[in-house]
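Have a look at the structure below, then the notes.
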Amino acid sequence: MDVSDQIGGRFVRMSRDEIADFQGEALKHSVAQAAKSPWYAAKLKELGLDPRDIKSADNIIKLPFTTKEDLRLSYPAGMLAVEPEKIIRMHTSSGTTGKPTAIFHTREDVDCWAELMARCLYIAGARSHDVFQNMSGYGLFTGGLGLHYGAERLGMWVIPAGAGNTARQILLIRDFHVTVIHATPSYAMHIAERMVQDGEDPKRLGIKIAALGAEPYTEEMRVKLQELYGFKVFNSYGLSEMNGPGVAFECGEQRGMHIWEDAFLVEIVNPDTFEHARPGEVGELVLTTLRRDGMPIIRYRTRDLTRILDGVCPCGIAHARLDRMVGRTDDMLIIRGVNVFPSQIEEVLMRHTWLGGNYVIQLTMREALDQMTVKVEIAKSTFDGSIETIRTQRAELQKELREQVGFTVNVEIVEPGSLPASEGKARRVIDERGGHV
Ligand code: AMP
Ligand code: ZN
């Protein structure tokens, strides 16, 4: 594939051997760099490891894993590996509760991220003459600025539309002849359904390429969206700990996402034994940054379950391909592209003494948008017979939940004892959204 060096062509064209050589050197550098941060310095010392013990990419197994909890514990800046003056940007993960996980970037890091993102869009078929509409939230969330700088690097005409406001999204797509979009799959579906309801045909928008990601979706969802819009859908995978989007992306073949192995060292491990999975076996994706100096992360346990696809991709790119994510090893939910842990909801509910202890979180779809309803029992002792009191308390609860997760949560207060009592493990989450895996 003819890829300019402006978007890392020399990396894109690497053979398997070249990737392996590059990774050996890059890992040595990354570990030495990580050791400059207080967190990793202490960690390596504790394990009696010296960065010089790392001599090749295979030595990765000597190194400790890093978890989301480690990122929280090292918050705010325990993993910062350069002088603060060198940092030009920070982002956080999309979960909005308590302590977020913060990621820091130097100028070179931001530049590398834009390069990675630009190549993603390029291999999917986007070119500089395309008009690109980014429907991701801008701000701390990585989908906005991440895609934005990548698309600019490619030279596209970029419309930073941000998330939401469907009528305006459609207007912009139409008036500026948008050919490439970025959104969550559920939001792309929402727009299509809204148009169909209004008697309009999404195909007439003329969009050719849709980069869809930030949440899991099925092959069936891809097919449905492609039929509705007449565009091609390319799966886009990333996580804020590894910059955000730009980690892995589908090429024109649409069969698995090439993960950029010059920037990320990939491992698939058995989540129970932590041993490497056999080739082609599903396991937890573990990633190490190879080209980020501001905050290198070693062996990050993504909790995402996937496998590496076998064989060589007909597009000619030698970077490995990840299969669609099949699930997660934890209970994290992704709602409208935002990470939510059931415990965040419970935290708020449990602060309200007028509520009982039993609750369920119900997830549904309305107009292709995720809806969260929390059903919670009122405590028997606090019910004073006044509907007005309940109404006020319910409104307060809803406000707090909104602050906690960042979107509106429906709240239903139900009578004591009316929710199914748990026998053993409580089934707190009822996911009735089709299309989500
Ligand atoms: P965040 O750090 O907030 O960007 O969220 C990252 C998480 O979103 C990942 O760990 C995945 O669980 C999920 N995710 C992102 N992109 C995809 C995708 N294309 N398919 C499935 N899950 C995804
Ligand atoms: Zn390919």
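Assorted remarks:
- Probe 1.4 Å, accessible area per residue of the stretch 290-409, Å²: 43
- One decimal place: the segment Ala379-Ser418 gains 12.9 nm when fully extended, by the rule 0.36 nm per residue minus the C-alpha distance.
- When the chain is treated as a GNM with alpha-carbon contacts under 10 Å, the residue of His258, His29, His352 showing the greatest mean-square fluctuation is His352.
- Take the Cα radius of gyration of the stretch 333-431 and divide it by 2.2 N^0.38 Å, N being the number of residues; the result is 1.06.
- Alpha-carbon centroid distance for the pair the stretch 219-294 / the stretch 98-127, whole angstrom: 14
- Pairs over the 28 Å Cα-Cα cut-off, from the set Lys36/Lys62; Lys232/Lys375; Lys99/Lys232; Lys28/Lys99; Lys99/Lys208; Lys68/Lys208: Lys232/Lys375; Lys99/Lys232; Lys28/Lys99; Lys99/Lys208; Lys68/Lys208.
- Using alpha-carbon coordinates, inclination of helix 166-175 to the longest axis of the chain, degrees: 40
- Magnitude of the charge dipole for the chain, about its Cα centre and with charges confined to Cβ atoms of Lys, Arg (+1) and Asp, Glu (-1), is about 340 debye.
- Of the accessible area of the chain, computed with a 1.4 Å probe over protein heavy atoms only, carbon and sulfur atoms account for 51 percent.
- Max-minus-min Cα coordinates of the chain on each principal axis give 72, 60, 43 Å, with the largest extent listed first.
- A cut-off under 15 angstrom between Cβ atoms defines the neighbours of Glu250, and their net charge, with Lys, Arg +1 and Asp, Glu -1, is +4.
- The chain: angle of helix 16-34 to the longest principal axis, Cα-based, in degrees nearest 10: 70
- Highest-first arrangement of 321-331, 387-397, where packing means the average Cβ count within 10 Å: 321-331, 387-397
- Packing around the peptides 72-83, 289-300, 103-114, taken as the average count of other Cβ atoms within 10 Å per residue, puts them in this order, highest first: 289-300, 103-114, 72-83.
- For Ser386, the solvent-accessible surface computed with a 1.4 Å probe is close to 40 Å², ligands and nucleic acids excluded.
- Of all DSSP beta bridges in the stretch 1-328, antiparallel share, percent nearest 5: 65
The values are calculated or read from the model by the stated rules, or taken from the named source; none is laboratory data. Keep in mind the model is a prediction, meaning the values are calculated, not measured. Because the Cβ atoms are built from the backbone with ideal geometry, glycine has one as well, and the counts that use them run over all protein chains shown. In case anyone asks, the SASA skips ligands and DNA or RNA and just uses the protein heavy atoms, side chains included. Shrake-Rupley method; radii C 1.70, N 1.55, O 1.52, S 1.80 Å.
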